[in-house]
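S.K.: One structure follows; several queries about it will come next.
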Amino acid sequence: TSITITVVDSNDNGPIYPRPFDNSFTFDENNILQTVMGVYVTSDLDFTVTNNAVTYSIVAGDPYAQFDYRADTGTLLARGGAKKLDYENKTFYNLTLRATDTGVPPNSDEINIFITVVDLNDETPVCVTPLTMYVLENQPIGREVLTAEGTHIPATDADAPGEPNSKITYSFSQ
């Protein structure tokens, strides 16, 4: 008489992100193309593919769908194009990434990625009201015709208020 014992893998291990890892980034706004920000993959100690195959997803922190976390590769991308990052709309992201295995019941692990968007000088100042002034033709070269004191030339700049890129300076050309 013989007895055959078959050990079946149960889903007793979940995917695990390696720790510690670099989870804080700065990233320029206005990315035109998709840009790889990092690859975040896990290990799962279960023996069979049924229990250790993993899919990746973003579960929080991406309200405008500006990031793509590839389900099969764990590659995190900034989408670019129409979904480009824009400092004037959002300056910081706290993404929650999840790895989920295919076992029953599924196990998962999560990590947070912190992204600070860097403001670029991407907005053009706009004069709100045109300024018309007249200068007599016989004025000497270099004579001041307009002073900042008491004169306001209304203009706006859509770059972040109070930041260096929103500071407006004026100059005149012939």
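The values are calculated or read from the model by the stated rules, or taken from the named source; none is laboratory data. Small disclaimer: the values here were computed from a predicted structure and weren't measured. For accessibility, only protein heavy atoms count, side chains too; no ligands or nucleic acids. Shrake-Rupley method; radii C 1.70, N 1.55, O 1.52, S 1.80 Å.
S.K.: Using θ = phi - 60° and the Karplus relation 6.51 cos²θ - 1.76 cosθ + 1.60, list the HN-Hα couplings for the stretch 128-141 in order, rounded to whole Hz, with x at every Gly or Pro.
M.R.: 6, 10, x, 10, 10, 9, 10, 10, 5, 5, 9, 6, x, 4
S.K.: Rounded to the nearest 5, what % of DSSP beta bridges with both residues in the chain are antiparallel?
M.R.: Working: 26 of 31 bridges.
If I count the DSSP bridges inside the chain, around 85 percent turn out antiparallel.
S.K.: Hey, if we sort Met133, Met37 by accessible area with the 1.4 Å probe, largest down, what's the order?
M.R.: Highest to lowest solvent-accessible surface, that is Met133, Met37.
S.K.: Then there is this: How big is the gap, in Å, between the Cα center of the stretch 10-29 and the Cα center of the stretch 57-116?
M.R.: Computed from Cα coordinates, the inter-centre distance equals 11 Å.
S.K.: For Phe25, Phe92, give the ranking by accessible area with the largest first, probe 1.4 Å. Write down the numbers at each step before the final one.
M.R.: On the way: Phe25 50, Phe92 90 Å².
Heavy-atom accessible area, descending, gives Phe92, Phe25.
S.K.: Can you give the accessible area of Glu123, probe radius 1.4 Å, in Å² rounded to 10?
M.R.: The value for Glu123 is about 60 Å².
S.K.: Working only with C-alpha atoms, what are the Rg and Dmax values of the stretch 6-155, expressed in angstrom?
M.R.: Every Cα atom of the stretch 6-155 included, Rg and Dmax give 26.8, 105 Å.
S.K.: Here is a follow-up. Roughly how many Å² is the accessible area per residue of the chain, as a whole number, for a 1.4 Å probe? If you can, show how the numbers build up before the last one.
M.R.: Values: 11860 Å² over 174 residues.
I get 68 Å² per residue for the chain.
S.K.: Using a 1.4 Å probe on the protein heavy atoms, what percent of the accessible area of the stretch 15-174 belongs to carbon and sulfur?
M.R.: Details: 5810 of 10500 Å².
Solvent-exposed carbon and sulfur of the stretch 15-174 make up 55 percent of the total.
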